[in-house]
Amino acid sequence: MSRLLIVGSANADHVMNFEFLPAAGQTLMSQNYRLEHGGKGANQAVAVARLCQEHTRVDFICHVGDDTIGDALSNAWLSDGICEDGVTKKAGQATGTAMIFVGKNGENMIGVSAGANASLTPEALGYHQHLLRKADWLLVQLETPGPTVLSALTLAKENGTNTILNPAPASVIGKDLLRLVDIITPNETEAEAITGIEVTDASSAKLAAQMLHQLGPKTVIITLGKQGAYLSHDGFEGIIPGIAVDPVDTVAAGDTFNGGLMVALSEGLAMTDAVKFAHQAAAITVTRFGAQRSIPYRHELSTASL
């Protein structure tokens, strides 16, 4: 049995849709409002659980609040097949919250209040060392405290676990952390935040990837929206095109991509094929509204590349 582990955030997403995204100081009337299950860590955990095969164990280490939305989130994860061992309910705290504005073309703006996510400290992570030590693959993001991400990666590498860092939201990352990362998956904005190189095309992505390699990761995948993803891995350098669709909501696209990537690699697919698998999953996600409810199941993907 493969053991896949995600350490990260869980949020209640309050989503409003607009004809176009508001500018600074501008007030717009929303076309509609809905409450979604979200958080980058939780989105990625759900993607992994829905896209993996039956013989895979999926664990998710996170903190939720002592509230009704925390109950709803954890119950939904259980129904998707995520093991409950790593989920902790924090008494007296609120579940993390995100406010999301979505424009007509699918672009979005997001603000996050950490809530219980902030209490997922390295000390709290210590209660779940057994999950980290047994995992075959670890996927982390940056919506939980930085020291916690570093601790998770450190424990994983001590036990020979393959590590993936999705460096979102964009921020400057220490060299100590990057040395523990096997695969890094920034988008253009995140790649620029780490390297200082503005990424707009294959040439600039190559420069950013070269710098990222120097910082530690052996594999660099820079997602480029409609262009696809720039892959630098084991002598291969170039863009792997995405799948052309008409997007309606891109909120969980990157999270689905990362979850799909880990699933495909854990099943032994070559890196280029793993990126194509992740593209398939993300392409379906952007054609649907919502965060976790937009993430597809394995049977919805074409198996042509598997």
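Only the coordinates and a few stated rules stand behind these numbers; no lab work does. Everything quoted here is computed from the prediction, not taken from an experiment. Because the Cβ atoms are built from the backbone with ideal geometry, glycine has one as well, and the counts that use them run over all protein chains shown.
Summary of computed values
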| quantity | calculated |
| --- | --- |
| Anisotropy class of the stretch 99-202 from Cα gyration tensor, a/c 1.5 cut | oblate |
| Formal net charge of residues neighbouring residue 44 (Cβ-Cβ distance under 14 Å; K, R +1; D, E -1) | -2 |
| Highest average packing first - 164-172, 270-278, Cβ atoms within 10 Å | 270-278, 164-172 |
| Tally of Lys pairs whose C-alpha atoms are under 24 Å apart, taken over the chain, 8 or more apart or cross-chain | 22 |
| Nitroxide proxy distance, nm - points 7 Å out along Cα→Cβ at residue 213 and residue 302 | 3.0 nm |
| DSSP bridge orientation in the chain - percent antiparallel, rounded to nearest 5 | 40 percent |
| Global geometry of the chain, whether rounded, prolate or oblate, following the gyration tensor of its Cα atoms and the 1.5 cut on a/c | rounded |
| Antiparallel %, DSSP beta bridges [both residues in the stretch 88-207], to 5 | 50 percent |
| Neighbourhood net charge (13 Å Cβ-Cβ; Lys/Arg +1, Asp/Glu -1) for residue 219 | -2 |
| Where labels lie 7 Å past Cα in the beta-carbon direction, separation of residue 105 and residue 158 in nm | 4.8 nm |
| Formal net charge of residues neighbouring residue 168 (Cβ-Cβ distance under 10 Å; K, R +1; D, E -1) | -2 |
| Highest to lowest packing among 93-101, 260-268, scored as the average C-beta count within 10 Å | 260-268, 93-101 |
| The chain, helix-only ellipticity at 222 nm - DSSP H runs n ≥ 4, -39,500 (n - 2.57), divided by all residues, nearest 500 | -10000 deg cm²/dmol |
| DSSP-defined beta bridges in the stretch 183-249 - what % are antiparallel, rounded to 5 | 75 percent |
| Stretch gain in nm, segment residue 14-residue 113, where the contour uses 0.36 nm per residue and the Cα spacing is subtracted | 34.5 nm |
| Fully extended contour minus Cα-Cα distance, from residue 179 to residue 23, at 0.36 nm per residue | 52.3 nm |
